[in-house]
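Written out below as structure tokens is the structure these notes cover.
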Amino acid sequence: MTTAHVPSRGGRWLNALLHPLPLGMLALLLANDHILKVHYPGWVSGKLSDVAGLALLPFVLLALADLAATASPRIPAPGRRMVVACILATAAIFTAMQVTPLGADAYRLGLGVAQWPFHAAAFLLQGGPIPSLHPVQLTPDPSDLLALPATAAALLFISGGRSAPRANGTSQVDRAVDRRAIPAASWRRKIHGPASVISVPAIRPRMPWNSR
């Protein structure tokens, strides 16, 4: 007996971006970079941005993968393996930019390219000229690697009941619900089984002409 393949549907990690965890990390990142680092510079404010960024980036990568799965039915929705892959990629990128000159230069240029459209739009709205592309500033600090455990925030997210969908489109929560429904289904089959399993003796009504 062959079962039809159910294509996976994306969208769960796109919705996850609106969860309080990634939203809180985004708010912490913005507040720390624009307020705390300016008025309260120091070791703590420096590490807060690392924690927030490391916790947020896997959600962004998974949302991009989810967007691709939503656009194309041939691309499966991100599952647990993709979650682990995005976490490892985030940790590898962060480690490279902190301990290698090539990684640091790639980060400076990459983030500068990512920020340029927003800076250009702001200058255009103000009536000014389009700014040129500039790499961002980065001072590598190996002690920032202490923030690497923050990358596991996505795992904590799916462990809290919002499981990532499997390759067949079902999540761990859905599978758990299906397993709980098995006893009820088997009980139902026993009750509504064939007549040879449960036989009820025929009751012949007693009529007046059969009183003899």
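Points worth noting:
- Selection status of residue 48, closer than 18 Å to residue 94 by Cα and buried (at least 21 other Cβ atoms within 10 Å of the Cβ): no
- Qualifying residue in the range 26-43 (condition: assigned to a helix (DSSP H, G or I) and hydroxyl-bearing (Ser, Thr, Tyr)): no
- Any helices (runs of 4 or more DSSP H) falling wholly within the range 72-170 and containing at least 1 residues that are polar (S, T, N, Q) and either in contact with a strand residue (DSSP E or B) (Cβ under 7 Å, 6 or more places away or on another chain) or modelled with pLDDT of 95 or more (or both): 80-99
- When residue 62 is tested against the conditions (1) part of a helix (DSSP H, G or I); (2) more than 15 Å from residue 153 (Cβ to Cβ), the lone failure is (2).
- Close pairs from the range 104-129: first surrounded by fewer than 13 Cβ atoms within 10 Å (Cβ to Cβ), partner assigned to a helix (DSSP H, G or I), Cβ under 8 Å, at least 6 apart: 129/123
- Residues in the range 144-159 that are surrounded by 12 or more Cβ atoms within 10 Å (Cβ to Cβ) and small (Gly, Ala, Ser): 147, 150, 152, 153, 154.
The values are calculated or read from the model by the stated rules, or taken from the named source; none is laboratory data. Note that the structure is a prediction, hence the values are computed from the model and not measured. No Cβ is skipped: glycine too gets one built from the backbone with ideal geometry, and neighbour counts run over all protein chains shown.
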